[in-house]
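First the structure, in the form of structure tokens, and then the observations on it.
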Amino acid sequence: MVVIRLARGGAKKRPFFNIVATDSRNPRDGRFIERVGFYNPVAADGEVKFRVATDRLGYWSGVGAQMSPTVARLVKQFAAQNGIPAAGAGVGGASAAATGEAAGA
């Protein structure tokens with residue numbers, strides 16, 4: 001099963017996480033299919049703390065990839081701060097709403 005989760009990088013006491021799509025059987029920091037973003041929890045004020053390619057996140061969610069609870073929380077949190085729709089709902093959530101509206105009409 002494909003999962004979207006965090007892969008740790010960075011130095012000791014300076015964590016940096018890549019958001020990756022990977023097979024669930026691979027190790028946390030091991031091989032991955034695609035890097036879809038990053039999260040830097042110790043970013044300075046001028047630095048970017050979180051970035052994700054929402055189109056790729058939507059694609060992977062659409063083909064059945066499951067987000068880890070931490071990635072889902074980060075996406076939701078930063079989407080709310082920036083006033084954009086959460087990409088975690090992505091393709092699956094958008095298509096279900098579209099079909100529901102079409103069926104109801």
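Computed from the coordinates by the stated procedures, all read-outs in this text should not be read as laboratory data. In this text, all values refer to a predicted model and were calculated from it rather than measured experimentally. Note that each Cβ is placed from the backbone with ideal geometry, even for glycine, and that neighbours are counted across all protein chains shown.
Points worth noting:
- Considering the range 1-55, the qualifying strands (runs of 3 or more DSSP E), each wholly inside and each with 2 or more residues that are of a type outside the set (Asp, Glu) and out of contact with any helix residue (DSSP H, G or I) (no Cβ under 7 Å at 6 or more places or on another chain), run over 2-11, 14-23, 34-39.
- Taken over the range 1-57, the criterion of being touching a residue at least 60 places away in the same chain (Cβ under 8 Å) and under 12 Å from the mean Cα position of the chain (by Cα) is satisfied by 3, 4, 5, 6.
- Residue 65 fulfils the conditions (1) surrounded by fewer than 18 Cβ atoms within 10 Å (Cβ to Cβ); (2) more than 9 Å from the chain's Cα centre (by Cα) except for a single criterion, (1).
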